[in-house]
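This report concerns only the one structure given below.
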Amino acid sequence: MEIRAVNLSVLLIFVAAAFNVLAEERHGQDPFNDDFLRRVLARARSWKPDVNFRANIHYHAFRSLAGIGPSTTGFRVPIMHYDYVYDIDIPESFDSRDHWPDCESLREIRNQGTCGSCWAVAATSVMSDRICIHSNATINVALAAEDLMGCCVNCGNGCNGGFLDGASFQYWVDVGLVSGGAYNSTDGCKPYPFKPCLYPFSDCHQEESPKCRHHCVRGADRRYTKDKLFGRTAYSVPRDERVIRYEIMTNGPVEAGFDVYEDVFLYKSGVYRHVFGKQVGKHAVRIIGWGREGGLPYWLISNSYGEDWGNHGYFKMLRGTNHLGIESKVITGLPLV
């Protein structure tokens, strides 16, 4: 009887350990469940998760959104040098939408769908912003992420991710990009080709990369070659949060990348910093400003998950500590206007 009791205890310990392993694996496979949410709620102090997410949400729809990988070309845009930036007064808070109110693109939240095109969506959003800003709001345009994804072979792999090495901005300088509105619209030469992935994400699937087509969609009232807009220069910004702020307030939003952990998918409000979950990839976003909340400095970021995610498509991330690498890879450029 004693031997059986010991064996039963060992068995119970083994079952409990196996259950814990399975539970941990589930956290890594699907953070949209009550247990994962409880763990995030217990740890998050500076931000609030979206308590409406539950296990019926298709996690694969979000996993496909992390679309930054290491460059395979060795290409690097030059680093811009900033003189006297520490002698310039930089405000404690800044919002590009308020500073350049006549630029429509600054208030646009794009939805990349289940395509790992964040690298192209963020880049073309920044380009669109800067075309408007540097033309004194005389050119309000949305450049086509599809044109960049399909035609720039050195920029990335379409829906399978791209590079944050500046190749996208250099392509804008060398080849130019056409206009393109939202999915299922008639705006521009190449409207975004992929359906938004909307809550509860039950009908979303992995999209295939677009092909390069040197013509506008049928029904567009423009010609491909005549529709192109060009950049004047492409460059990266040093890893210095004061310099990044100066660049934004002087020339407009920038593209940046960060390490994606599962808890960011649950973000709703506040200043995000990673508290729980596994890393699932890297993601590119558009930084449009900065500020301070609850004593914490933050970057104001425009995401590409649609307006249903986060704070109507926006989120705030901890600033000044290079949290998740957000300040270590900042790319941008200036338009030819």
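Cβ-Cβ distance of Thr186 and Arg232, R₀ of 35 Å, FRET efficiency by 1/(1 + (r/R0)^6): the value works out to about 0.75. Of the residues Phe265, Phe94, ranked by 1.4 Å probe accessible area with the largest first, the sequence reads Phe94, Phe265. Gain on full extension, evaluated as 0.36 nm per residue between Arg223 and Tyr86 minus their Cα-Cα distance, stands at 44.7 nm. Placing +1 on each Lys and Arg Cβ and -1 on each Asp and Glu Cβ, with no other charges, gives the range 203-326 a dipole about its Cα centre of roughly 560 debye. Per residue, the range 232-337 exposes 31 Å² of accessible surface when a 1.4 Å probe is rolled over the protein heavy atoms with every protein chain present. Summarising the amide proton neighbourhood of Gly161: residues at separation of 5 or more, or on other chains, whose placed amide H is nearer than 5 Å comprise Gly116.
FRET efficiency for the Met249 to Ile79 pair, using the beta carbon distance and R₀ = 25 Å, is estimated at 0.85. The accessible surface of the range 154-194, taken with every protein chain in place and a 1.4 Å probe, is 40 percent carbon and sulfur. Taking all protein chains together and rolling a 1.4 Å probe, Val285 ends up with roughly 0 Å² accessible. Surface listing: His283, His81 arranged by accessible area from highest to lowest gives His81, His283, probe 1.4 Å. Heavy-atom accessible area, probed at 1.4 angstrom with all protein chains present, ranks Ser71, Ser128 as Ser71, Ser128, highest first. What the range 106-226 shows is 42 Å² of accessible area per residue, with the surface traced by a 1.4 Å probe over protein heavy atoms. In this simple spin-label approximation, Lys195 and Arg45 carry label points 7 Å from Cα along the Cα→Cβ vector, and these lie 4.4 nm apart. In a reduced charge model with +1 at each Lys and Arg Cβ and -1 at each Asp and Glu Cβ, the range 160-241 shows a dipole moment near 500 debye about its Cα centre. Take Lys316: with every protein chain present and a 1.4 Å probe, its accessible area is about 50 Å². By a 1.4 Å probe calculation restricted to protein chains, Lys195 has an accessible surface near 110 Å², given to the nearest 10. Enumerate the residues in the range 135-161 having an amide nitrogen under 18 Å from the point lying 7 Å beyond the Cα of Asp174 toward its Cβ. Within reach of a label on Asp174: 147-158.
The values are calculated or read from the model by the stated rules, or taken from the named source; none is laboratory data. The model shown is predicted, which means the values in this text are computed figures rather than measured ones. Positions of Cβ are backbone-derived with ideal geometry, glycine not excepted, and every protein chain shown enters the neighbour counts. We work out accessible area using only protein heavy atoms, side chains counted, and drop any ligands, DNA or RNA first. Shrake-Rupley method; radii C 1.70, N 1.55, O 1.52, S 1.80 Å.
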